[in-house]
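The values are calculated or read from the model by the stated rules, or taken from the named source; none is laboratory data. The structure presented is a predicted model; accordingly, all values stated were derived computationally and were not measured. Neighbour counts are summed over all protein chains in view; Cβ atoms, including those assigned to glycine, are modelled from backbone coordinates with ideal geometry. For the accessible areas, the whole protein counts, side chains as well, though only heavy atoms, and no ligand, DNA or RNA atoms are used. Shrake-Rupley method; radii C 1.70, N 1.55, O 1.52, S 1.80 Å.
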Amino acid sequence: MVVLAASIVGKSGKVLVSRQFVDMSRIRIEGLLAAFPKLIGTGKQHTYFETENVRYVYQPIEALYLLLVTNKQSNILEDLDTLRLLSKLVPEYSYSLDEEGICKHAFELIFAFDEVISLGHKENVTVAQVKQYCEMESQEEKLHKLVMQSKINETKDVMKRKASEIDKSKIEKNRSDKGGFGPLTSMGSGRVENSFNDMSISSTGSGFGSGTGFGLTTDVDSFSTKPKGRPTASATAPPKGLGMKLGKSQKTNQFLESLKAEGEVIVEDVQPRISQSRTAAPPLTDPVTLTVEEKLNVTLKRDGGVSNFDVQGTLSLQILNQDDGYIQVQVQTGDNQAISFKTHPNMNKELFANEHILGPKDPNRPFPTGQASDAAGVGLLKWRMQSTDESMVPLTINCWPSSSGNETYVSIEYEASSMFDLRNVVVSVPLPPLREAPSVSQIDGEWRYDSRNSILEWSVLLIDNSNRSGSMEFVVPHADSSAFFPISVRFMATDTFSDLKVTTIIPVKGGNPPKYAQRTQLITENYQVV
């Protein structure tokens, strides 16, 4: 009872995959498989037939045949059981049961056939066991990859050391060629290599302070960083008598340029100087300004679910002129029953409860005024909402780190609720310490690597109905999955959970109501995935 070969052939007789389990010449197996299409009968109920030497047991799979070639002494019932098991395995490895799909996954199918049949005899395995055996990692392969990675890292270190030595030798050569000086000494024998930025310092021989203090003891009268010809280090000596002005050191830049010449990727960390100007409120120009602001404090679980969801909102009023302070504010609240409103102690609570009008308890007392630079204003109303319903979360983040060998593949996706259009979205993902920037293979939006804090920032300018979901994929060296948490999120929106709106301004003393402006924003105060 021996299975000679397991094959997948087309109905025209073309052999796509064939695995032999006994010693057999190529000419013989090609002859057996070439004879198969000619021997298939039409209108027969059984799916096997015999020749003088072998038996064919087959099963149609769409436009293909799964075929077992056995000897005539083989147990037909066991052969049929083997055939059924192989027919279950083929769709597991090739989702498209056509010629292209089978050829694409030919080796996976051969490996699976080897787990089912050994030396012509069926193994006592199931489909799940075969998949598990085929997916097992090789310890030797992992060891080989570790050795190769260690060699690569060692080569990079040697390259950086050589680049540093070359750079230092060039600096020393330039110094000696231009009549430079040796290393500066101060406070004993320590070496000074600091760079002085945007400073002008004059030296008169003995340096700073008196002769016995923490003075710079040098014999150089002046320094200058103005390059002559090709750029050199910051400590070059010009002719005496020109004073001293130290600029930005070029030694670091030369070292970075030498690394770039060797093929290293250098990511410069440039922090914006006016990063807060985007979210700063514009100056007030209208006589009356009402600001509706909600702050989000959300903590999401990395495996799904909400740990904390808290919304705190305020309605503030700012008046520039005293004459416009005798007013009442008519508001309209949304249909969100989970929100509870609380008025300021000086407000007329009954008037707000009955007519949704905000006004002082004493109608003859005006609202206080403030300067145009005072963005806080006077608080009129506040509210709060807490929930554990995940559908209330405006933006959910899913992070999927998976390790393979010496690398960790991280896939992050966001899903935004249709309740809000989110602006200036920034997802900050912490990373383990890295030698170089992560390799981002796919992203919806833009990314920036903060090497100082080891954070990858994913930014999307606007999330609306055209991009309610998006993803980013990047690769870093092997790291634990916990190294990518907690993930911080920042965004803002022009809609709020309370849907509070100011409908009109009512003048208490009659006359025309003053002109007013209304601002509405939803911002994140603490939004994390832990």
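Can you find even one residue in region 497-505 that is surrounded by 15 or more Cβ atoms within 10 Å (Cβ to Cβ) and within 21 Å of the chain's Cα centre (by Cα)? No; the residues of region 497-505 include none that is surrounded by 15 or more Cβ atoms within 10 Å (Cβ to Cβ) and within 21 Å of the chain's Cα centre (by Cα). Consider Thr496 carefully, then state whether it is part of a strand (DSSP E or B) and either among the hydroxyl-bearing types (Ser, Thr, Tyr) or free of Cβ contacts under 8 Å to residues at least 12 places away in the same chain (or both). No: the conditions fail for Thr496. Taking into account only those residues within region 298-320 that are loosely packed, with under 15 Cβ neighbours inside 10 Å and in contact (Cβ under 8 Å) with a residue 60 or more places away in the chain, which is farthest from Lys382 (Cα to Cα)? Looking at the filtered set, the residue picked out is Gly304. Scanning region 14-34 for residues that are under 18 Å from Ser96 (Cα atoms) and open to solvent by less than 20 Å² (accessible area, probe 1.4 Å) returns a single hit, Val17. Of all residues in region 506-530, those satisfying the criterion of being open to solvent by 70 Å² or more (accessible area, probe 1.4 Å) and in contact with an Asp or Glu (Cβ under 7 Å, 6 or more places away or on another chain) are Lys515, Tyr516. Here Ser482 clears all of (1) of a type in the set (Gly, Ala, Ser); (2) free of Cβ contacts under 8 Å to residues at least 24 places away in the same chain; (3) in a loop (DSSP other than H, G, I, E, B) except the condition numbered (3).
Tallying residues that are open to solvent by less than 40 Å² (accessible area, probe 1.4 Å) and hydroxyl-bearing (Ser, Thr, Tyr) within region 285-297 yields 2.
Per this entry, Ser169 is not counted among residues that are hydroxyl-bearing (Ser, Thr, Tyr) and under 31 Å from the mean Cα position of the chain (by Cα). When the residues of region 424-437 are filtered to those that are aliphatic (A, V, I, L, M) and outside any strand (DSSP E or B), the one that is nearest to Met492 (Cα to Cα) is Leu431.
Applying the criterion of being part of a strand (DSSP E or B) and open to solvent by 40 Å² or more (accessible area, probe 1.4 Å) to the residues of region 412-423, the residue that is nearest to Thr494 (Cα to Cα) is Arg423.
Taken over region 438-466, the residue count meeting the criterion of being open to solvent by 50 Å² or more (accessible area, probe 1.4 Å), in contact with a strand residue (DSSP E or B) (Cβ under 7 Å, 6 or more places away or on another chain) and not in a strand (DSSP E or B) is 1. Annotation: of all residues in region 467-496 being charged (D, E, K, R) and under 29 Å from Gln149 (Cα atoms), the one that is surrounded by the fewest Cβ atoms within 10 Å (Cβ to Cβ) is Asp480. Just one of the numbered conditions (1) part of a strand (DSSP E or B); (2) among the hydrophobic types (A, V, I, L, M, F, W, C); (3) out of contact with any strand residue (DSSP E or B) (no Cβ under 7 Å at 6 or more places or on another chain) is not true of Met148: (1). Filter region 120-130 down to residues that are more than 12 Å from Phe21 (Cα to Cα) and either touching a residue at least 40 places away in the same chain (Cβ under 8 Å) or assigned to a loop (DSSP other than H, G, I, E, B) (or both), then give me how many there are. Total meeting the criteria: 6. Could you tell me which residue of region 1-13 is surrounded by the fewest Cβ atoms within 10 Å (Cβ to Cβ), considering only residues that are outside any loop (DSSP other than H, G, I, E, B), of a type in the set (Val, Ile, Thr) and in contact (Cβ under 8 Å) with a residue 60 or more places away in the chain? Selected residue: Ile8. Surrounded by fewer than 19 Cβ atoms within 10 Å (Cβ to Cβ), among the basic types (Lys, Arg) and in contact with a Phe, Trp or Tyr (Cβ under 8 Å, 6 or more places away or on another chain) - does that describe any residue in region 84-93? For region 84-93, residues surrounded by fewer than 19 Cβ atoms within 10 Å (Cβ to Cβ), among the basic types (Lys, Arg) and in contact with a Phe, Trp or Tyr (Cβ under 8 Å, 6 or more places away or on another chain): absent.
Mind checking which residues of region 424-437 are open to solvent by less than 20 Å² (accessible area, probe 1.4 Å) and among the small types (Gly, Ala, Ser)?
Across region 424-437, the qualifying residue is only Ser428.
Being more than 45 Å from the chain's Cα centre (by Cα), open to solvent by 50 Å² or more (accessible area, probe 1.4 Å) and among the hydroxyl-bearing types (Ser, Thr, Tyr) holds for only one residue in Tyr58, Tyr48, and it is Tyr48.
Among the conditions (1) open to solvent by 50 Å² or more (accessible area, probe 1.4 Å); (2) closer than 25 Å to Pro91 by Cα; (3) more than 49 Å from the chain's Cα centre (by Cα), Leu39 misses just one, which is (2).
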